[in-house]
Amino acid sequence: MNLNEKDHLLTVIEEKIVPEYGCQKAAAPTDKKSCCRFGYAIPGARAFFDTADATITGSVVEYVEAYVFDASQENCEKCQEKDGISVTPEQKLDENFMKSLGFYLQEDGVYRPHPNCKCVWKEVKRTVDLSDYSWEKTNSAALATYTITVPIPNFYLAANLVAELAKIVRLDVHEASNWMQNVQVQPVGKQTTISVDVPNVWLCIDLMQGWAKWWKDPIVNIGGTIGQAVSYLTTYGMEEVFCYSIDEMYSAFKTYQHQIWGFVLYAHGDKIGGIQESNRKHHTTQAKLMSAVDQQGYKLAKVYLMQCYSGRNKDLEIRYTYEELWNALLSKKEKHQKEIEHWQTKTRAEFMENRFINIRRNLMSRGEGLTYKNGSWNENEIYFLLESQWDTVWGKRTVKGKLDISYQGVNALGIDWGFWENN
Ligand SMILES: [Zn+2]
Ligand SMILES: [Zn+2]
């Protein structure tokens, strides 16, 4: 090793490795994100350079397996008798060990038997193509464990390996530091075994239990797809977690935080991002569901939103006639008795203005995914112009940038969009 080697290595890192893997200069050493010994962190990689003398080009790792003492240029007996002695890079860092072999650190930083010696250490290099080795799923629970063994001593979780793992588990490589957990790097003789836990929960959220009793309209693709989706995924050994209510759904997102890989949701959906259980007792919104997803800390691999309008991305005109609104009240007489009595003493215009204000407030508070553009009312009709961007905003939460299954679908659900329950 000469003094320029470090500079050379830094150049290689700066010019080749950093651009290729998008490494970033690491923050303070107290930063939880570990970094390589050169002060770089690969976004997504937790483990780091442990091997000083390795360079990676593409998927090929070239590393120094050993240093051999070469005394061929020297006539001195002291040196000659050491000719051919081989040490590992690790041993070469151990001054006491080197002394025990009769090598002493000289002023130029090189171990030699005595000062003014001209002998050199020759590197014995070895190359390993990482693409010849693959991750294996070695345990499957809420977190799945993936393990790989590479024939390189003291290796580390290199960016290539992270990228390969991301490809296998179909999560975003740039978020690997968020979804990789319990990274273990185990040197075993001349090999290194690395294991990583990754999210492995597939949530099956079926809010349509008993839907037929309550709902006359055909539900998009009910029955078939949830079964298909689940059995398709089962072949990948996902941990399936079933939820049958909105409460169960949200508690599952908490219980399995950082362990959720994807989910399928069957529910009633409406154009403005409402999500309802089949008995329509409980109600939530796409925006709330998205924030539950955001708590995972990474984009999900697969999201099937099977409710109507789940992926609707367009301008949305909503109109309500006086009759619709009034009948909506009457249809829930017991619940709205007082309200009905109140409005029976008022004018039609007063009723419509009140509905307009309530509905507009509701629409404007829907959060991400729905933009209120315009609205008007008269005593016959209420009109709103909105823009929904469900596919777009969900896309930010999925690795592929879009929902795996979603519906622009129009299913004339009429007036029962859960406004009243929400007000
Ligand atoms: Zn000598
Ligand atoms: Zn010598």
- Query: Hey, fewest Cβ within 10 Å first, where do E341, E81 land in order?
  - Reply: E341, E81
- Query: Taking H as built 1.01 Å from N, whose amide H comes closer than 5 Å to the amide H of V183, not counting residues under 5 places away?
  - Reply: D197
- Note on the structure: Taking 0.36 nm per residue of separation between T57 and S140 and subtracting their Cα-Cα distance, the length gained on full extension comes to 26.6 nm
- Cβ density ranking, 10 Å radius, fewest first, applied to L203, L403 yields L403, L203
- Message: Taking 56 Å as R0, compute the FRET efficiency from the Cβ-Cβ separation of R126 and K314 and round it to 0.05.
- Response: 0.45
- Note on the structure: FRET efficiency (K254, S100; Cβ distance; R0 51 Å; to 0.05) is 0.35
- Task: Enumerate by residue number the trypsin sites (Lys or Arg not before Pro) in region 304-354 meeting two conditions: DSSP loop (anything except H, G, I, E, B), and at most 14 other Cβ atoms within 10 Å of the site's Cβ.
- Result: K332, K346
- Task: Provide M352, M98, M306 in ascending order of the number of other Cβ atoms located within 10 Å of each residue's Cβ, fewest first.
- Result: M98, M352, M306
- Message: List the trypsin sites (Lys or Arg not before Pro) within region 54-162 that DSSP assigns to loop and that have no more than 13 neighbouring Cβ atoms inside 10 Å.
- Response: K118
- By the Kirkwood definition, with r running over pairs of different Cα atoms, region 53-171 has a hydrodynamic radius in Å of 17.0
- Task: Calculate the length of the line joining the C-alpha centroid of region 84-155 to that of region 161-189, in whole Å.
- Result: 23
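Values quoted throughout were computed directly from the atomic coordinates according to the rules given, and no laboratory measurement underlies them. Worth saying up front: this structure is predicted, and the values here are computed from it rather than measured. Ideal geometry is used to build each Cβ from the backbone, glycine not excepted, and the neighbour counts take in all protein chains shown.
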